[in-house]
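Just below is one structure, and these are the notes that go with it.
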Amino acid sequence: MTATDTLGASASLTYLVTINAAVAITTTTLANGDASSAYSQTINATGGTGSYTFSTTAGTLPAGLTLSTSGVLSGTPTATGIYTFTVTATDALEARPARAMPFRSTRRS
């Protein structure tokens, strides 16, 4: 980059710009769960820099399930229903894509 003042004096400096791939949550659907049965599914992401920290940023997880910071949704759902919550994956540079994740809990017949 070169800057020139009104008297014609100029100075230059070279900058290195690194453009990282955007973070994207690649898990698009969750397997249905059965109330009173153990459940576990990993939510995945790609791109960005470093590792990811996963969190729920909107909605409510079904009772009995938790989302670990490594993206594992696990536990035993305690009730039937359809739940929608938003999962966010944050990379080392604080990039934060989010994805709504519908989850259905049913009773086994």
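Restricted to region 77-109, and to residues that are basic (Lys, Arg) and closer than 18 Å to Ala31 by Cβ, which residue is modelled with the lowest pLDDT? Applying the filter and picking the extreme gives Arg108. Step by step: first the residues of region 11-29, then only those that are among the hydroxyl-bearing types (Ser, Thr, Tyr) and touching a residue at least 12 places away in the same chain (Cβ under 8 Å), then the one that is nearest to Thr84 (Cα to Cα). Which residue is that? Taking the candidates together, the pick is Thr29. Among the residues of region 20-42, those identified as modelled with pLDDT under 90 and loosely packed, with under 13 Cβ neighbours inside 10 Å are Ala21, Ala22.
Among the residues of region 1-27, what is the count of those that are among the hydroxyl-bearing types (Ser, Thr, Tyr) and under 30 Å from Ser70 (Cα atoms)?
The total comes to 3.
Against the conditions (1) assigned to a loop (DSSP other than H, G, I, E, B); (2) without any contact (Cβ under 8 Å) to a residue 40 or more places away in the chain; (3) of a type in the set (Gly, Ala, Ser); (4) more than 30 Å from Thr18 (Cα to Cα), Ser74 satisfies every one except (1). Among (1) closer than 24 Å to Gly50 by Cβ; (2) surrounded by 18 or more Cβ atoms within 10 Å (Cβ to Cβ), which single condition is Phe85 missing? Here Phe85 clears every test but (1).
Applying the selection to region 88-109, what residues are surrounded by 12 or more Cβ atoms within 10 Å (Cβ to Cβ), more than 11 Å from Pro62 (Cβ to Cβ) and over 20 Å from the mean Cα position of the chain (by Cα)? Matches in region 88-109: Thr106 only.
Would you say Thr56 is touching a strand residue (DSSP E or B) at 6+ places or on another chain (Cβ under 7 Å) and either touching a residue at least 40 places away in the same chain (Cβ under 8 Å) or of a type outside the set (A, V, I, L, M) (or both)?
yes
What's the total number of residues in region 49-71 that are in contact with a Phe, Trp or Tyr (Cβ under 8 Å, 6 or more places away or on another chain) and assigned to a strand (DSSP E or B)? Steps first, answer last, please.
Taking region 49-71 as the starting set, the residues that turn out to be in contact with a Phe, Trp or Tyr (Cβ under 8 Å, 6 or more places away or on another chain) are 56, 58-62, 65, 67-71.
Imposing the further condition that a residue be assigned to a strand (DSSP E or B) reduces the set to 56, 58-59, 65, 67.
The total comes to 5.
The values are calculated or read from the model by the stated rules, or taken from the named source; none is laboratory data. Everything numeric in this text was worked out from a predicted model, so none of it was measured. A quick note on method: Cβ atoms are made from the backbone with ideal geometry, for glycine too, and the neighbour counts reach across all protein chains shown.
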